[in-house]
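Beneath this line is the structure, given in structure tokens, with notes to follow.
Every number here is computed from the coordinates shown, using simple stated rules; none is lab data. These figures come from a predicted structure and were not determined experimentally. Cβ placement follows ideal geometry from the backbone for every residue including glycine, while neighbour counts extend to all protein chains displayed.
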Amino acid sequence: MPAQLACFNERCRARFSIAEVIYNCPKCGGLLEAVYDPPTRPAAEMKSVWRARRTSNAPLDQSGVWRYREFIPFLPDDARVVSLREGNTPVLDAPRAAEYGGLDRLAFKHQGFNPTGSFKDNGMTCGAAQAIALEMKRVACVSTGNTSASMAAYASAAGLQPIVFLPHGNIAFGKLAQALEYGALTLQIEGNFDQILALVRDLAESLGIYLLNSINPFRIEGQKTIMVELMDQRDWRVPDWIVLPGGNLGNTSAFGKALREMKEWGLIPRLPHLAVIQAEGSAPFYDLMRADDRSHLTPVEDPHTLATAIKIGAPVSWPKALHEVTTSGGVAEKVTEQEIADAKAVIGRCGIGCEPASAATLAGIRKLTSAGTIRRDADVVAVLTGNVLKDQDYIYQYHTGKLWGPDGHPIASNLGNAPRVLPLDFSGIERFLKGLG
Ligand code: F0G
């Protein structure tokens with residue numbers, strides 16, 4: 001059976017052709033997912049094919065997404081794919097961060113090493129490929145920044161017109177700059193992410209523009225490969241926990257689907273637990289996980305956090321994320337602005353660095369270990385979702401003691417590293433450096 005779209009709502013499960021331009025189930029309005037027959041090749045054979053492709057110079061083999069194409073088989077063999085050599089992101093040991101987080105050891109899977117500096121590239125190469133397959137000419141997204149940067153790059157590389165909608169004044173400058181540089185028509189709208197997404201979904205339908213937000217099931221397929229690549233890099237040893245930040249919850253959905261499919265298809269023997277970390281002022285999924293009635297999510301009307309990437313009050317993929325986190329025996333946690341800022345500085349001092357939303361992972365780990373949810377000796381991988389250079393204003397303000405929380409309270413520069421200004425004077429600078437010991 002070729003790939004199909006299936007409604008995620010288990011009471012519906014209606015199936016549709018992947019050639020249809022739909023983002024929600026036309027019957028019940030549920031979320032959609034791509035479904036396939038299990039691969040016919042044995043798991044061991046797929047693993048060795050994937051490993052062998054790492055030495056190949058063929059563009060698709062060099063992509064950390066398309067290298068695993070048997071795991072995301074929604075395209076015909078002759079389909080046109082645009083790759084910027086996405087994926088291939090490292091798994092980095094971070095002893096200093098482990099200590100801060102209350103763990104014996106901790107590894108970061110750093111998605112900020114992607115071509116546009118975030119995990120969105122894994123999904124975008126697939127979303128763009130599907131846009132080409134559907135013969136779409138224009139693509140659009142609403143974004144807290146990274147999706148727009150990624151979509152702009154992939155659409156331009158594919159010869160499609162990118163149109164990005166941004167919450168005016170609420171995205172990090174590095175991300176806005178990328179959208180401009182990669183040639184997107186960039187519209188800054190005076191509303192928040194959730195309000196603009198509701199509007200753009202209607203606009204896309206009425207104007208025939210292909211929507212590349214994470215509600216698009218093909219983006220989710222691409223983001224699945226983050227987990228496949230991670231397991232491949234770990235020689236298929238399953239960690240105890242995978243920790244990630246949660247915004248619109250597309251990544252949580254993708255990771256959960258990937259892990260379940262890997263288990264069903266014999267690639268891994270068990271599921272790791274997923275831990276989703278949200279910012280305190282923007283934590284509707286955390287609230288949902290704590291609620292007695294999990295049949296509906298109560299949106300946060302006016303979300304706030306300096307981690308603008310995850311400033312989302314009404315995450316569209318919550319039903320999928322709920323299913324994945326509960327199936328994995330996982331948890332949701334929330335962290336304060338101060339906790340995010342300090343955790344981010346610790347990740348920086350590891351020589352690794354990341355953007356604020358990504359640092360929510362380490363802040364969350366610290367809380368989850370001190371509560372005893374994650375054991376000190378657990379095997380934990382945290383996913384850093386975005387590059388350190390995405391939000392430079394935040395970094396400078398934190399280190400110079402000028403970072404203010406969204407509530408108007410100052411964020412303490414606990415691990416601050418402010419630059420010093422010295423006169424152009426040999427002996428003065430010498431004295432200063434000697435004084436440092
Ligand atoms: N981390 C970063 C750096 C992000 O950019 C995002 C989402 C997330 C985490 C959360 O991922 O939405 O899958 O739960 N950024 C989106 C954007 C919303 O528009 O760039 P999620």
Task: 37 °C / 0.692 mPa s Stokes-Einstein diffusion coefficient of segment 172-320, Kirkwood radius on C-alpha pairs, µm²/s - done: 191
Open item on the list: How large is the translational diffusion coefficient of segment 5-52 in µm² per second when you combine the Kirkwood radius over alpha carbon pairs with Stokes-Einstein at 25 °C and 0.890 mPa s?
Closed with: 195
Open item on the list: If packing is taken as the average count of other Cβ atoms within 10 Å, what order do 231-239, 343-351, 118-126 fall into, highest mean first?
Closed with: 118-126, 343-351, 231-239
Task: Cross-link table Lys257/Lys367; Lys120/Lys344; Lys367/Lys390; Lys27/Lys263, entries beyond 23 Å C-alpha to C-alpha - done: Lys257/Lys367; Lys367/Lys390; Lys27/Lys263
- [ ] Compute the semi-axes of the equivalent ellipsoid of segment 279-437, taking the square root of 5 times each eigenvalue of the Cα gyration tensor, and list them largest first in whole Å.
- [x] 37, 18, 12
- [ ] Tell me the Kirkwood hydrodynamic radius of segment 1-123 in angstroms, computed as one over the mean inverse distance between distinct C-alpha pairs.
- [x] 17.4
TODO: Compute the separation of the alpha-carbon centres of segment 109-138 and segment 142-175 and state it in Å as a whole number.
DONE: 11
Open item on the list: Please give the Cα centre distance for segment 315-371 versus segment 404-436, rounded to the nearest Å.
Closed with: 29
TODO: Would you please put 329-338, 251-260 in order of how densely packed they are, using the mean number of other Cβ atoms within 10 angstrom per residue and starting with the highest?
DONE: 251-260, 329-338
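Of the peptides 297-304, 13-20, 280-287, how do they stack up when ordered by the mean number of other Cβ atoms within 10 Å, highest first?
Ranking the peptides 297-304, 13-20, 280-287 by packing returns 280-287, 297-304, 13-20.
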Task: Square roots of 5 times each gyration tensor eigenvalue, C-alpha, segment 341-405, largest first, Å - done: 24, 13, 9
Open item on the list: Output wanted: per-residue J couplings in Hz (rounded whole) for segment 219-233, from phi through Karplus 6.51 cos²θ - 1.76 cosθ + 1.60, θ = phi - 60°, x for Gly and Pro.
Closed with: 4, 4, 4, x, 5, 4, 5, 4, 6, 5, 4, 4, 5, 4, 5
Task: Percent of Cα pairs exceeding the 20 Å cut-off, where the set is segment 170-231 - done: 47
Task: Equivalent ellipsoid, segment 369-434 (semi-axes from 5 times Cα gyration tensor eigenvalues, Å) - done: 35, 19, 14
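Please compute the Kirkwood hydrodynamic radius of segment 71-217 from all pairs of different C-alpha atoms, in Å with one decimal.
Mean inverse Cα-Cα distance, inverted, gives 16.3 Å.
Tell me the relative contact order for the chain as a rounded percent, counting alpha carbon contacts under 8 Å between residues six or more apart.
Once normalised by length, the contact order is 16 percent.
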Task: ³J(HN,Hα), Karplus 6.51/-1.76/1.60, whole Hz, each residue of segment 400-410, x for Gly, Pro - done: 9, x, 10, 9, 10, x, x, 8, x, 8, x
Task: Unmatched cysteines, the chain - criterion: no other Cβ of a Cys under 4.7 angstrom - done: Cys126, Cys141, Cys350, Cys354
TODO: Compute the Kirkwood hydrodynamic radius of segment 66-112, taking the inverse of the mean of 1/r over all pairs of distinct Cα atoms, and give it in Å to one decimal.
DONE: 13.6
TODO: At q = 0.09, 0.13 Å⁻¹, work out log10 I(q)/I(0) for the chain with the Debye formula, treating every Cα as an identical point scatterer and leaving solvent out; two decimals please.
DONE: -0.54, -1.14
